[in-house]
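The values are calculated or read from the model by the stated rules, or taken from the named source; none is laboratory data. Since the model is a prediction, treat every value here as computed from it, not as a measurement. Here Cβ is always computed from backbone atoms with ideal geometry, including for glycine, and neighbour counts include all displayed protein chains.
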């Protein structure tokens, strides 16, 4: 089911490892040109353009963009008790983990009478996007809202696609918002939601930052509005890499590869292993387990797609080079001394260690955040966290003595850069 990529020596491959690895294709540039007119329409015509796009794309006619307060209360009251309990656990654990991410104000004494204080200020207002396509994600409400609340964001708006039957986001999403105390929710999805949040309309004030995963149209819209607002990342199709040796349980490995493939036909499932025997057994397990799953057609398409593969390597050293080059959104380590191996990984959105920490735990209630960098972006970017919603602000305080001591250095550098007025701004304070 999985395409095999043999990087052992022999036969060996050499060259750029990253170029040899599978990756889901996502043409954001083409999508940008397709959604650009819609984004411009929302910017220029506000709520009317949002309604038009929603009617055309979602087949829903919106009387109001904002979800009524009573719909939030009703969704929470009607929520399955087991789901409510599970969401409560997810919220509590996420709040515990994210509270530990708070930044402290630090003042550094640079010279007698001169200090620099590093402060952290929350973004004023954020727009959090929650997808609602092939599946609905109340867990993504938790992952977006909790770090924003912990950071101290005062104004939070959530937007999620309307269901055709009700004209509202899925009731589980509404219930999660209500459980978290979020009262401002919009029944808008796709690129029009991103444009609505970024530019604002007569029914929805503009935000300063847009976060949350979405499809290629959402990603394209986020790229278009970057600069008008901040964005967290350009999310692509979800991906899992499992680094496994001969000690791994093939049933676990197969189940975990399937769990991510369930998201979407473009989801990527990659096995990196030192054991050809393990790979053969995993392939047998995949065939057996996929046939028994609810979404077998979708999963089969993902596992047999060009974005998924099994990579054979000589040893753990080679495996680490591969997983660092791949920089997976989710990386599982199912090897001997798994924690030690995990500590050597440089590039991954989140690392799940050992046989009892599957990615699906992180999706829901490990306490970690599941909004993570995809498409190799873990080489340079991090997942959603409290820091996403904070801005660093420096406060500089120098007294007369401290400035006088630094004056000659400022003048020398100002003259070196041919910016004499910079130097004069200091000299003017010390007339001869």
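Taking the conditions exactly as written (in contact with a helix residue (DSSP H, G or I) (Cβ under 7 Å, 6 or more places away or on another chain), crowded, with 23+ Cβ neighbours inside 10 Å and within 30 Å of residue 357 (Cα to Cα)), does residue 179 satisfy them or not? So residue 179 fails the test. For the range 222-256, residues that are surrounded by fewer than 21 Cβ atoms within 10 Å (Cβ to Cβ), in contact with a strand residue (DSSP E or B) (Cβ under 8 Å, 6 or more places away or on another chain) and within 24 Å of residue 293 (Cβ to Cβ) total 2. Screening the range 62-158 for strands (runs of 3 or more DSSP E) wholly inside it with 1 or more residues that are exposed (fewer than 14 other Cβ atoms within 10 Å of the Cβ) and in contact with a strand residue (DSSP E or B) (Cβ under 7 Å, 6 or more places away or on another chain) returns the ranges 106-111, 114-122.
Once the range 415-432 is narrowed to residues that are outside any helix (DSSP H, G or I) and without any contact (Cβ under 8 Å) to a residue 24 or more places away in the chain, the residue that is farthest from residue 124 (Cα to Cα) is 432. Against the definition (closer than 20 Å to residue 18 by Cα and at pLDDT 95 or above), how does residue 327 come out, yes or no? Yes.
Exactly one residue among 4, 45, 73, 51 is more than 25 Å from the chain's Cα centre (by Cα) and under 30 Å from residue 314 (Cα atoms), and that residue is 4.
Yes or no: the range 274-288 includes at least one residue that is surrounded by 20 or more Cβ atoms within 10 Å (Cβ to Cβ), under 24 Å from residue 384 (Cα atoms) and under 29 Å from the mean Cα position of the chain (by Cα). No, the conditions are met nowhere in the range 274-288.
Given the structure, is residue 31 in contact with a strand residue (DSSP E or B) (Cβ under 6 Å, 6 or more places away or on another chain), closer than 21 Å to residue 131 by Cβ and modelled with pLDDT under 95? For residue 31, the condition - in contact with a strand residue (DSSP E or B) (Cβ under 6 Å, 6 or more places away or on another chain), closer than 21 Å to residue 131 by Cβ and modelled with pLDDT under 95 - is not met. When 194, 182 are checked against the criterion of being outside any helix (DSSP H, G or I), touching a strand residue (DSSP E or B) at 6+ places or on another chain (Cβ under 8 Å) and in contact (Cβ under 8 Å) with a residue 12 or more places away in the chain, 182 stands alone in meeting it. Go through the range 16-61 and report how many residues are outside any helix (DSSP H, G or I) and closer than 30 Å to residue 302 by Cβ. The number of residues fulfilling the criteria is 10.
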